[in-house]
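> Have a look at the structure that comes next, please.
The values are calculated or read from the model by the stated rules, or taken from the named source; none is laboratory data. This structure is a prediction, so every number in the text was calculated from the model and none was measured. In this analysis, Cβ positions are derived from the backbone assuming ideal geometry, glycine residues included, and neighbour counts consider all displayed protein chains. Heads up: the accessible areas ignore ligands, DNA and RNA and are worked out on the full protein's heavy atoms, side chains in. Shrake-Rupley method; radii C 1.70, N 1.55, O 1.52, S 1.80 Å.
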There are 2 protein chains.
Amino acid sequence: MGELASLFAPERVAVVGASDDEGSVGRAVTENLLADFDGEVVAVNPTRDEVLGLSCYDDVTEPADVDLAVVVVPASIALEVIEQAGEAGVDDVVVITAGFGESGSEGAAREERLRELAAEYDLNLVGPNSLGVMNTTVGLNATFGPENAQAGSLSFMSQSGAFITAVVDWANDRNLGFKDIVSVGNKAVLDESDFVAEWGDDPDTDVILGYLEDVVDGRVFLETAREVTAETPMVVVKSGRTEAGASAAASHTGAIAGSERAYEAALEQAGVLRVDTVQELFDSASILAGQPVPESDGVAIVTNAGGPGVMTTDAVGDAGLSLASFTDETLDRFAESLPAEANRYNPVDIIGDAPVERFTEALDGVLADPGVGASVVVACPTATLSFEALAETVVDLQAEYGKPVAVALMGGSSTRAASERLSEAGIPTYFDPARAVRSLDALREYREIRERETVGPRSFDVDREQAREILQRATDRGSNKLGVEAMDLLDAYGIPTPAGEIVSGRREAVAAAERVGGGDDVVMKVVSPDILHKSDIGGVAVGVAPEEVADTYEDLVTRARNYQPDATLVGVQVQELRDTDSGVETIVGVNRDPGFGPLVLFGLGGIFVEILEDATVRIAPVSQPQADAMIDEIDAAPLLRGARGRDPVDEAAVTEVIERLSQLVMDFPAIVELDVNPLVATPEGATAVDLRLTINQEKL
Amino acid sequence: MGELASLFAPERVAVVGASDDEGSVGRAVTENLLADFDGEVVAVNPTRDEVLGLSCYDDVTEPADVDLAVVVVPASIALEVIEQAGEAGVDDVVVITAGFGESGSEGAAREERLRELAAEYDLNLVGPNSLGVMNTTVGLNATFGPENAQAGSLSFMSQSGAFITAVVDWANDRNLGFKDIVSVGNKAVLDESDFVAEWGDDPDTDVILGYLEDVVDGRVFLETAREVTAETPMVVVKSGRTEAGASAAASHTGAIAGSERAYEAALEQAGVLRVDTVQELFDSASILAGQPVPESDGVAIVTNAGGPGVMTTDAVGDAGLSLASFTDETLDRFAESLPAEANRYNPVDIIGDAPVERFTEALDGVLADPGVGASVVVACPTATLSFEALAETVVDLQAEYGKPVAVALMGGSSTRAASERLSEAGIPTYFDPARAVRSLDALREYREIRERETVGPRSFDVDREQAREILQRATDRGSNKLGVEAMDLLDAYGIPTPAGEIVSGRREAVAAAERVGGGDDVVMKVVSPDILHKSDIGGVAVGVAPEEVADTYEDLVTRARNYQPDATLVGVQVQELRDTDSGVETIVGVNRDPGFGPLVLFGLGGIFVEILEDATVRIAPVSQPQADAMIDEIDAAPLLRGARGRDPVDEAAVTEVIERLSQLVMDFPAIVELDVNPLVATPEGATAVDLRLTINQEKL
């Protein structure tokens, strides 16, 4: 167990601000602690002699050996109390008191001071503005919620206290149990990453659940969660996904509307199962806590009802699962043991008159089949079937084969006892077979996360000094926007570019064309930090013959001047003409998220990223398997892979550019944004043809 | 009420095959009928004197005035019984007996004969292989299911009997009631369209629900449902959506794997709310039965919990709804009436200490706001809130304002009484606020369906005779595949094509180029029914100068011969060269679905349809608003609308081509498939540049 073990399982808890006033938070916390806690509770309240049978101390320094102080005093004296706790050697503090960062500038200052105190005394501090914490191992309920949680193996953190009370009330009704629960409040000191790390080290936590509106430190969270999810599944609702939701979150907890795209990429890279609704959160959590992950994606359906069998099959098709094919042995067995009217193929339909014995035979048969990774049992009420008996046989067979099973009991009150028996054994049940299948799909997703190979980013041999000089040069010119004139930045990082020179006169242009083109046609482009869409103003000429170079130079300059008289004109680039007929234009872009740092984007050029939004994003640094996956993820990937009779492009060259740009942006925090557009991919390689970047000179 | 009124509400029902054998279907049906039926039940069984207290008749002709005969005899004598029923003047027959079309060739022959008998005696016949029918108005339970349904306003048809028993068991537990229920069985006579028509005419049916694996007559279903859904909402699970699901459905009910694309288009055009899961089926049905449709899309959220408020807001963002903006009046009112810490903007957060009075105030305020179309109330359990009192105030305010309300009661057993009170008043409740929002979204969807203007297809003045001759000519040549040589088919239907001629010699080519090009460059293409991808073999030359026409002719012919020596070469097409730089290539395609007939497809040419599958489909005939909607639906639509600095194309010209092709394919059943690819759309119009079609000569 980790550093926060004593926070969740203290021996002696002081309620600072204990009270017996009806309806007060101080009373609710004291009562909750007195109800089930295995350790000792002491009350601190200088204005009382006794609270709920406990004699009161005047302040938190008086009682000895307090591990955890729960602070429920008014905000005005909370800091003083926390300082006293620090002085008294208390390690863990839960600040339930509100009136900090969530409430105006005075509160913000108070929260800043609280942070300083926590650092000074090395406090593990939860909150402020928290509902509190719970731990079912020692019966700790240091919250002011109306109910204590039941024991179980889920540990749950929430950026909403009300959500905890709702979930506990609901979960108690469903025999769903928790290990630890924490209301993280304003996250002034301890934040989500601390709890993820703690529960990752906790053998009694099988699944980590979270309701988050933001993440305090994106990079720390990503690294912590990535490590933890290799062993412990984690399911999170990150709300504020939509524009309206993000602004509601900002008003609720002051969550900064970080880019949804960054959160999406980060949670994916961290191996977190992200879900959108409360129902999915608990459907996923229940099965992850109760069932093993399947070894393969093949699902066997066993049902006494044809129609629901078809619906279940559709749900398998919707999920990342597949319908298992049975071995001949299984089919022969079923030919013997099942009635002639039954369907022995998957979905196995043992028909309406099936007694429990037939379910046992069919489920035993499919679970024994090596091609079956998991099974869904779908049962409709009939005169011949006892749901209770079905529950028993499912529990036994699941335990015997160790393969995950989910159950759809398609009825009302008649299913209740069976459903309870199954949930006790960790087997989830639903009315809707689609939910049963989706829960199995969560197991599959988690298996894939667990099987991920963790490969660090490759480190390429680059000329970092050269790159620094190029960026410095731009800074010296006082410009923070660069274009093709910075192409040698890419050269320095080993990214292929066409030969090219920037010229500022007719004759120079002709000479440059001779050098880069060697007598062949060239490409000429206006170079100006102020003209972003060169093509749109006719600022690009492709296939310029040697004799046309001089006139084209004049043309381009005139166009640029007409278009924007005050634009700074760096010159005209004369570039080698590559045969791009067999090439596909792609885009690799980089920008910085306030929470997660540099993001790398990949997609196809032109309309694909800009209009169809067919792009994919990763938090940098990007490893080789991640870069490969980025190509896989775009819808237009077939265009890189030989669609429409073309030769497939050199994908490895594209991924290498993605990785090298990732290295560049990690090396230079000064690069705020960078777009290689287009990066032309051909069967022979990938060439960066154009470049735009924005630099933050102060970070150089 | 419609023709089937007496089927669902007979006065005298005969059970043919009545029995008191424990566990027999004959007993189950008789018991179910005796339980609640307002009318009279008679038993028919020549081997018994009495069954369950009823004296037995020897055959169905004996008792007088039987309206409905329920047939549960063995398959071998079922036809005889049905014939007797016909003879006796019985109008309605429910055939529960199995062993017909679903079981081999003997069964199929039996079903064919059953169909003939039904026609001969004009029987309204349900089944065979049906669970039976229910009607709660007269207490009719003519099924062998274990439970009778509760009364309500949903009418439900299912192609799975087991699904009915499951749903009834589950619904009874939730006080969800039905009007009629029918297990359609093999649909030998009455099918889904008959029940849709019946319930469309039934004032006591508020919502029509269906579980379907296929549709017997696609066109009839589409027309019937379109008419009915203008007044009565219809929610359907059509299973077999996925490949695996379709083959499971084929094995379950012999449903033919009609194209999923056709079903999707047809259900959409028919105004059916299609859902994928049982949960969505009943979530949608409940709110449609209980709540009015909202007049606008603005949703107001009222909650005592910030986090759940944010999740609810995200769910609104995911749906086709929007977060309502409040008027100044509402905001001023809330500034007065709500505590300072509350959020009076949407989502309205009345904070954790809210008593029911604050919920009343907030809900009253938002429902009074003209910008609010619907409201979601999200309540977490707190010490200050009584869920029961909340239920009362929600029921009152919903009734007062007549705007739809959905409720998330975020707790366990503490919510039960409140939840029951709300469902009694037709207000659905869920734990998960996302489900509450999705149910409101179903209301919005239905409002849009109800508001749809029904516009018939335009009828263009075309030269149908000319078109027939062109198709006939092809037939005479013995070819069923046509290409550009049939471009005049498009001319006959008023679809613009470039000027062009098909030639079969060098000199002819030169002369044709002079005529169509008038001295300008032309396009030349190989014409052969056997060469489908002309471009891929270099069979198309664009921008051929007059002096190059003769040589190009030879070139193209040589290429075609080399590529496929045995190909029939119709000639070479010499076509006017249009400036397509400002044009966008689109595709309009037509094919025939076995169930729904001609489908029209629209998308952008090249990779868009072929690789990105960015296409949309309608069942023909296509009206003008439908054709407009087709353009709206494709992801690439911005490319037609001036993206990337281009002029927008003439969309009206594109939609007119879609409509004219729809008319063509409706006029000629002989056209099996037809692709105009590309149809080049420019700011000035739309021109069909190439064509392929397949004809079925027998249908000409």
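> Within segment B:12-59, can you find the residues that are over 17 Å from B:THR143 (Cβ atoms), touching a Phe, Trp or Tyr at 6+ places or on another chain (Cβ under 9 Å) and open to solvent by less than 60 Å² (accessible area, probe 1.4 Å)?
Across segment B:12-59, the qualifying residues are B:VAL42, B:VAL44, B:ASN45.
> Using the structure shown, decide if B:ASP476 is exposed (fewer than 15 other Cβ atoms within 10 Å of the Cβ) and within 14 Å of another protein chain (Cβ to nearest Cβ).
It is false that B:ASP476 is exposed (fewer than 15 other Cβ atoms within 10 Å of the Cβ) and within 14 Å of another protein chain (Cβ to nearest Cβ).
> Out of (1) free of Cβ contacts under 8 Å to residues at least 12 places away in the same chain; (2) more than 23 Å from A:LYS187 (Cβ to Cβ); (3) not β-branched (Val, Ile, Thr), what's the single condition that is false for A:PRO63?
Failing condition for A:PRO63: (1).
> Determine, yes or no, whether A:ASP206 is within 14 Å of chain B (Cβ to nearest Cβ), in contact with a helix residue (DSSP H, G or I) (Cβ under 7 Å, 6 or more places away or on another chain), surrounded by fewer than 24 Cβ atoms within 10 Å (Cβ to Cβ) and over 19 Å from A:LEU267 (Cβ atoms).
no
> (1) modelled with pLDDT under 95; (2) surrounded by 19 or more Cβ atoms within 10 Å (Cβ to Cβ): which one isn't true of A:ARG641, the others all being true?
(2)
> Outside any helix (DSSP H, G or I) and touching a residue at least 24 places away in the same chain (Cβ under 8 Å): is that true of B:ILE449 in this structure?
No.
> Can you run down the residue pairs with Cβ atoms below 6 Å, 6 or more apart or on separate chains, where the first is in segment A:416-441 and over 20 Å from A:GLY177 (Cβ atoms) and the partner is polar (S, T, N, Q)?
Final answer for the pair search is A:ASP432/B:THR277; A:ASP432/B:GLN279; A:PRO433/A:THR312; A:ALA434/B:THR277.
> Right, something else. So for segment B:500-519 (the condition being open to solvent by 50 Å² or more (accessible area, probe 1.4 Å) and in a loop (DSSP other than H, G, I, E, B)), does at least one residue qualify?
yes
> In segment A:80-126, what residues are at positive phi and out of contact with any helix residue (DSSP H, G or I) (no Cβ under 6 Å at 6 or more places or on another chain)?
Listed by number, the residues that qualify are A:GLY89, A:GLY104, A:ASP122.
> What are the pairs, 6+ residues apart or on separate chains, where a residue within segment A:176-194 that is assigned by TED's automatic domain parsing to the domain that holds A:VAL71 has its Cβ under 7 Å from a residue that is of a type in the set (Lys, Arg) and open to solvent by 10 Å² or more (accessible area, probe 1.4 Å)?
From residues that are assigned by TED's automatic domain parsing to the domain that holds A:VAL71, the pairs are A:ALA188/A:ARG115; A:VAL189/A:ARG115.
> Another question about this same structure. Of the conditions (1) at pLDDT below 95; (2) hydrophobic (A, V, I, L, M, F, W, C); (3) closer than 25 Å to A:GLY107 by Cβ, A:LEU176 clears all except one; give me its number.
It fails just one condition, (3).
> Then there is this: Residues of segment B:644-674 being open to solvent by 50 Å² or more (accessible area, probe 1.4 Å) and more than 23 Å from B:ALA492 (Cα to Cα), which ones?
B:ARG644, B:GLY645, B:ARG646, B:ASP647, B:PRO648
> So, restricting to helices (runs of 4 or more DSSP H) that lie completely within segment B:246-328, which ones have at least 3 residues that are more than 10 Å from chain A (Cβ to nearest Cβ)?
B:260-269, B:278-290
> Only one residue in A:GLY595, A:GLY606, A:GLY589 is at pLDDT 90 or above and in the same structural domain as A:ARG692 (by TED's automatic domain parsing). Which one?
Answer to the check: A:GLY589.
> So, one more: Would you check if B:THR303 is in contact with a Pro (Cβ under 9 Å, 6 or more places away or on another chain) and of a type in the set (S, T, N, Q)?
Judged against the criteria, B:THR303 is a match.
> Checking A:VAL437 against (1) of a type in the set (Val, Ile, Thr); (2) open to solvent by less than 50 Å² (accessible area, probe 1.4 Å); (3) more than 13 Å from chain B (Cβ to nearest Cβ), which single condition isn't satisfied?
(3)
> In addition: Which residues, counting only those in segment A:361-401, are out of contact with any Ser or Thr (no Cβ under 8 Å at 6 or more places or on another chain), open to solvent by 40 Å² or more (accessible area, probe 1.4 Å) and part of a loop (DSSP other than H, G, I, E, B)?
A:ALA383, A:THR384, A:SER386
> Okay, moving on. Here is a check on your reading of the model: is A:VAL237 among the β-branched types (Val, Ile, Thr), touching a Phe, Trp or Tyr at 6+ places or on another chain (Cβ under 7 Å) and farther than 29 Å from A:GLU116 by Cα?
Against the criterion (among the β-branched types (Val, Ile, Thr), touching a Phe, Trp or Tyr at 6+ places or on another chain (Cβ under 7 Å) and farther than 29 Å from A:GLU116 by Cα), A:VAL237 qualifies.
> Please list, ordered by first then second residue, the pairs with beta carbon atoms under 6 Å, 6 or more apart or interchain, first in segment A:23-38 and within 12 Å of another protein chain (Cβ to nearest Cβ), second hydrophobic (A, V, I, L, M, F, W, C) and surrounded by 20 or more Cβ atoms within 10 Å (Cβ to Cβ).
A:VAL25/A:VAL72; A:VAL25/A:PHE144; A:ALA28/A:PHE144
> Within segment A:402-419, can you find the residues that are open to solvent by less than 20 Å² (accessible area, probe 1.4 Å) and closer than 14 Å to A:VAL366 by Cβ?
A:PRO404, A:VAL405, A:ALA406, A:VAL407
> Just the residues that are open to solvent by 20 Å² or more (accessible area, probe 1.4 Å), of a type outside the set (Asp, Glu) and in contact (Cβ under 8 Å) with a residue 40 or more places away in the chain, please, taken from segment A:560-589.
If the condition is that a residue be open to solvent by 20 Å² or more (accessible area, probe 1.4 Å), of a type outside the set (Asp, Glu) and in contact (Cβ under 8 Å) with a residue 40 or more places away in the chain, then A:THR568, A:LEU569, A:VAL570, A:LEU577, A:ARG578, A:THR580, A:SER582 are the ones that fit.
> Just checking, which of B:ALA108, B:ALA75, B:ALA85, B:ALA98 is open to solvent by 10 Å² or more (accessible area, probe 1.4 Å) and more than 19 Å from B:ALA28 (Cα to Cα)?
Within the list B:ALA108, B:ALA75, B:ALA85, B:ALA98, the selection yields B:ALA108.
> Which of the numbered conditions does B:GLU585 fail, given that it passes all the others? Conditions: (1) more than 14 Å from chain A (Cβ to nearest Cβ); (2) assigned to a strand (DSSP E or B).
Going through the list (1) more than 14 Å from chain A (Cβ to nearest Cβ); (2) assigned to a strand (DSSP E or B), B:GLU585 breaks only (1).
Listed here are the residues, each with its yes/no results for (1) assigned by TED's automatic domain parsing to the domain that holds A:ASP566; (2) at pLDDT 85 or above; (3) over 46 Å from the mean Cα position of the chain (by Cα); (4) of a type in the set (Gly, Ala, Ser).
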site	(1), (2), (3), (4)
A:GLY505	yes, yes, yes, yes
A:ALA509	yes, yes, yes, yes
A:MET524	yes, yes, no, no
A:PRO529	yes, no, no, no
A:TYR553	yes, yes, yes, no
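> Among residues belonging to segment A:452-473 that are of a type in the set (A, V, I, L, M), over 30 Å from A:GLU295 (Cβ atoms) and touching a residue at least 24 places away in the same chain (Cβ under 8 Å), point out the one that is most open to solvent (accessible area, probe 1.4 Å).
Among them, the one singled out is A:VAL462.
> Here's something else I'd like to know. All but one of (1) over 34 Å from the mean Cα position of the chain (by Cα); (2) outside any loop (DSSP other than H, G, I, E, B); (3) in contact (Cβ under 8 Å) with a residue 24 or more places away in the chain; (4) surrounded by fewer than 17 Cβ atoms within 10 Å (Cβ to Cβ) hold for B:VAL557; which doesn't?
B:VAL557 satisfies every listed condition except (4).
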